[in-house]
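A short worksheet on the structure shown next.
What follows is calculated from the coordinates using simple rules that are stated; it is not laboratory data. These numbers were taken from a predicted model, which means no experiment stands behind them. Neighbour counts are summed over all protein chains in view; Cβ atoms, including those assigned to glycine, are modelled from backbone coordinates with ideal geometry.
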Amino acid sequence: MPSFTSPSRIIITCSNRLSPYLQMEVAGLGYKPERVFKTGVELKGTLVDCIRLNLHLRCASQVLFSLQEFRADNADDLYKALINFSWEDILTVDGYFSISSNVSNDTINNSLFANVKVKDAIVDRFRNKTGERPNSGPELDRTVIHLYWKDSLAEIFIDTSGETLSKHGYRKIPGKAPMLESLAAATLLAVKWDRRSVFINPMCGSGTVAIEAALLATNRKPGLLRFNYAFMHLVGYDEKMYDAEFKKLEQQVIDVPGLKIIATDISEDAVNISKINAGIAGVEEYIEFAVCDFEETTVPEDGSGVVYFNPEYGDRLGVEAELEVTYKRLGDFLKKKCKGYFGYIFTGNLELAKKIGLKPNRRIEFYTSKIDCRLLEYELYSGTKRTTPISAG
């Protein structure tokens, strides 16, 4: 087991198409990514760096720390390599571990079989060395070992995150079809918002976008809302390392006097859920909630901020007449009530998007689950054309 200050390869994973925003976050923390791919970022660092990355990143899924890379043509090769690894330097004999994997090998038709081989190697190593073994199972709340195996190349990692970082810990009541927190955060990094001007989120649902906007504006990082990570269960972990980083997170929070985030929904239940979630996130004071149809949402006339919609988009294979009307109403609302703002509509139905009746000046690509989505940007000019766009921050 390397010490917490020994460097190795770190792979930070994310949902498809979020890596440009993850790269932005990583660079903002002072790290220099060595590689960026569609579902992640690679850099060099230590387990101490992994602690910092876990606490700060909004767009990430897992932070993986490489232990060993080796050749494995089949499951027997995998087992032989891993039974010779010093697992007792990572896990305690009275501990608990789980296995995750990403496997693409012609000899394996079920990744769970590969997981079992990794588990067997670890258990047999302990039995040979100590006569005892740690417990294992599917829960990701303690030590997690991750296997990456493609063709004959295998690499074993410590998953320092455990439970995914994509969920930011405040959404105890998710509501109907919620946007994943990491996706919401990435879309906010893509929009032209200075984090000081008005942010309006009609059709707010369970409040994810509005809450993420408040968290971003006040520099509240996800680590403030989570208190268990897989790195905490490794041999050699010193709680002082975590405490020092957590204290920095608290010190980095800023107050934004006059910040106005407006979130509305036609559903009273949705607004009540949003209020609860905002309270858990600690940003309820920055968000004005209201129950109303989106067309009745208050839009300050002298504002120059952002209006952000995440409407339903139904079945991608068919366009429902009711949603066609809704999308036309969205376009009318932006044209008539939102002059001077930047308008954004996140949708997974590009046929419905045609009903908006406005020409987007940017079409930003995202995925939600396996649905190909776009964040459509509209600059809603007021009088003369804007020459100086709002800073993206």
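Measuring between their Cα centroids, the stretch 252-304 and the stretch 1-36 lie 32 Å from each other. Note: relative contact order over the chain, using C-alpha pairs below 8 Å and six or more positions apart, is 15 percent. For K80, a cut-off of 13 angstrom between C-alpha atoms picks up these aspartates and glutamates, skipping any fewer than 8 places away in its own chain: D120, D124.
Nearest 5 percent is fine: what portion of the DSSP beta bridges confined to the stretch 219-354 is antiparallel? That works out to approximately 0 percent antiparallel. In plain terms, the C-alpha convex hull of the chain casts an average shadow of 20.6 nm² when viewed from every direction. Can you classify the stretch 8-159 as rounded, prolate or oblate using the Cα gyration tensor, where a ≥ b ≥ c are the square roots of its eigenvalues, rounded means a/c under 1.5, and otherwise it's prolate if a/b beats b/c and oblate if not? Here the stretch 8-159 falls in the prolate category.
First check a/c for the stretch 243-304, with a ≥ b ≥ c the square roots of the eigenvalues of its C-alpha gyration tensor; if it is under 1.5, answer rounded, and if not, answer prolate when a/b is larger than b/c or oblate otherwise. Oblate, because a/c is 1.5 or more while a/b does not exceed b/c.
Which residue fluctuates most in the GNM of the chain (Cα springs below 10 Å): K167, K32, K192? Of K167, K32, K192, the Gaussian network model singles out K32 as fluctuating most. With both bridge residues required to lie in the chain, what share of the DSSP beta bridges run antiparallel, to the nearest 5%? DSSP beta bridges in the chain are roughly 60 percent antiparallel.
Each of S3 and Q68 was given a label point 7 Å from its Cα along the Cα-to-Cβ line. The distance between the two points is 2.2 nm.
Among residues other than E25 whose Cβ falls under 12 Å from its Cβ, what is the net charge (Lys/Arg +1, Asp/Glu -1)? Net of charged neighbours comes to +3.
The phi torsions of the stretch 345-351, fed into the Karplus equation with coefficients 6.51, -1.76 and 1.60 and a -60° offset, translate into couplings of 10, 9, 8, x, 10, 6, 5 Hz, rounded to whole numbers, with Gly and Pro shown as x.
Could you calculate the FRET efficiency of V235 with K336 from 1/(1 + (r/R0)^6), where r is the beta carbon distance between them and R0 is 45 Å, rounded to 0.05? So, using R0 = 45 Å, E works out to roughly 0.10. Note: relative contact order over the stretch 8-159, using C-alpha pairs below 8 Å and six or more positions apart, is 25 percent.
Which of E212, E268, E181 moves most in a GNM of the chain, Cα contacts under 10 Å? Maximum fluctuation in the GNM of the chain, among the listed residues, is at E268. If you add up the charges near A75, with Lys and Arg at +1 and Asp and Glu at -1, over every other residue whose beta carbon is less than 13 angstrom from its beta carbon, what do you get? Once all neighbours under 13 Å are counted, the net charge is -2.
If R0 is 25 Å, the Cβ-Cβ spacing of E365 and L153 corresponds to a FRET efficiency of close to 0.30. Looking at the stretch 8-159 alone, DSSP beta bridges between its own residues are antiparallel in about 70 percent of cases.
Distance from the alpha carbon centroid of the stretch 351-366 to that of the stretch 151-213 works out to 22 angstrom. Here r is the Cβ-Cβ distance between D243 and S86 and R0 is 30 Å; the resulting FRET efficiency, rounded to 0.05, is 0.60.
So which residue, out of I145, I83, I11, gets the largest mean-square fluctuation from a GNM of the chain using Cα contacts under 10 Å as springs? Among I145, I83, I11, the largest mean-square fluctuation in the Gaussian network model of the chain belongs to I83.
Quick test of the membrane-span-like rule: which DSSP H helices of the chain reach at least 27 Å along their long axis (C-alpha atoms) with mean Kyte hydropathy at least -0.5?
111-130
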